[in-house]
């Protein structure tokens, strides 16, 4: 059974009540007019019972369409057979129930055979009555004289009207069921699209949060770590070498200014509409790696930088991602490598890819635990269409190697703001 709302159930009850009243009025007028002849009908008491049996099942026509159709058809057949003075409300009830079977039965095979059975039974009964009437000698009624007598015309008219009556009920029931199925499919698709839209929106928010977290980590962690190392060095040498301590404090000030500038750029990028053109210059690319290496050396991590191969065109977003990966790798080397750690940065160009390798000596890492920095490096490599290796070295220290295609583009939904 198809889903039935409370409103539809109330309408069915109202329909049953209206049809009951209509059947009583029709029976009364038909009895007075002598539809079957004066004194030849079954009487008003039978008409009242018939009206009740005819109308009450309509209140449940959508819940039990097949059963209601059979009950109404049987009541109509009995009423006409025993000449209960009412035919019009019964015809309406028959049409409604046959239509309802087609429109509301989920078992389409059963719906088909219930309607075919009722229609066939009615036509068999109609033809039987016509045959008896045609073979019964009588001078009453239509004239039967001629090849196409008024009686024959009336017979064909009766068959045509009944054919249109039952055929219409069958057809409109089928069309209504098909329309309801299409509407249900559209509603399901609409609900599915709404769920997908909500999921897409949630994923977009999650991706944006991940991107913001990655950018903030790269900006803050690097500069704060650098300032921490420089502040410790300044505190250590302040008493013995005030000039060196002053230079170190100046470097801390520079790191703070750089951090604020990058944070400001990131916030401006977040406030800018996605449709607006990005007019901010890209300052953090592969050409900025020597400055990053010098900054690491100034913080106490001896670092060597080499370029292998012929430099070529690399997309700006890929350059930013590679720069951030190098920045995070050098920050980790400075934090975890120890006092005697050294680092080696190699930028290698091939015909179809660019590879960045950051290796450092220092403490042995037996069981590296991936933190936010490692997650960020993996995300940046994936956003550039490449891959990254994060491996502890057997002799101590750590190795970061990232390889991306030369013409890589950032993944959809993971756009990295240049210079952020």
Anyone know which of 227, 238, 180 comes out most mobile in the 10 Å Cα GNM of the chain?
-> 238
Determine, for each peptide in 186-194, 159-167, the mean count of other beta carbons within 10 angstrom over its residues, then list the peptides with the highest first.
-> 159-167, 186-194
Residue 18 versus residue 183: modelled label distance in nm, points set 7 Å from Cα along the beta carbon direction | 1.8 nm
Its Cα gyration tensor gives segment 6-195 an equivalent ellipsoid whose semi-axes in whole Å, largest first, are 36, 22, 12
Once you have the Cα-Cα distance between residue 171 and residue 316, take 0.36 nm times their residue separation minus that, and quote the gain in nm to one decimal.
-> 45.6 nm
Provide the packing ranking of 84-95, 205-216, i.e. peptides ordered by the mean count of other C-beta atoms within 10 Å per residue, highest first.
-> 84-95, 205-216
Could you work out Rg/(2.2 N^0.38 Å) for segment 313-379, with Rg from alpha carbons only?
-> 1.22
Could you point to the label whose value was computed as percent of Cα pairs over 31 Å apart for the structure here, given (i) 53; (ii) 62; (iii) 40?
-> (ii)
To two decimal places, what compactness ratio does segment 204-405 give when its Cα radius of gyration is scaled by 2.2 N^0.38 Å?
-> 1.05
GNM flexibility winner over the chain from 199, 127, 399 (Cα, springs under 10 Å) = 127
For segment 15-75, just say rounded, prolate or oblate: build the C-alpha gyration tensor, square-root its eigenvalues into a ≥ b ≥ c, call rounded for a/c under 1.5, and beyond that prolate if a/b exceeds b/c, oblate if not.
-> prolate
CD proxy at 222 nm, helix term only [per DSSP H run n ≥ 4: -39500 (n - 2.57); per residue of the chain; nearest 500] | -22500 deg cm²/dmol
Considering the chain as a Gaussian network with a 10 Å cut-off on Cα pairs, which listed residue, 69, 381, 134, attains the greatest mean-square fluctuation?
-> 134
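Rule-based calculations on the coordinates, nothing more; no lab input. On a predicted model such as this, the values are computed, not experimentally measured, just so you know. No Cβ is skipped: glycine too gets one built from the backbone with ideal geometry, and neighbour counts run over all protein chains shown.
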